[in-house]
Amino acid sequence: MFKIIFLYFKVKVSRSYGMLKRLTFEQACEVFFDPFIRVLDASAEDEARDAVIGVTSNGKHLFVVHLQLEEDCFRIISARKVTKKG
């Protein structure tokens, strides 16, 4: 069976995903399994980054910035709810 690994920094999770955003790390990971996921370029300075827009199992639309470290390994940088403003 194919296995995907997601990495994150605990300190950032407590600030970004926790109570402030009402998102969990697990919810951010869910969007990678959305069959209609949209991938965007989110490069910053000298670091190639991608972003995905997808839907979680409970219907939340999320924007997740990440690095793909290997074919099956992603480091999540940030996640937020998608808004009409972008």
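The values are calculated or read from the model by the stated rules, or taken from the named source; none is laboratory data. Remember, it's a predicted structure, so these values are computed and weren't measured experimentally. Virtual Cβ from ideal backbone geometry, glycine too; neighbours counted across all protein chains shown. The accessibility values were calculated without ligands, DNA or RNA, using every heavy atom of the protein model including side chains. Shrake-Rupley method; radii C 1.70, N 1.55, O 1.52, S 1.80 Å.
Checking 78, 57 one by one, the residue that is under 9 Å from the mean Cα position of the chain (by Cα) and open to solvent by 20 Å² or more (accessible area, probe 1.4 Å) is 78 and no other. The criterion of at least 2 residues that are at pLDDT below 90 is met by the following strands (runs of 3 or more DSSP E) wholly inside the chain: 5-7, 61-70, 73-81. Residues in the range 29-54 that are surrounded by 15 or more Cβ atoms within 10 Å (Cβ to Cβ) and without any contact (Cβ under 8 Å) to a residue 24 or more places away in the chain: 34, 42, 50, 51, 52.
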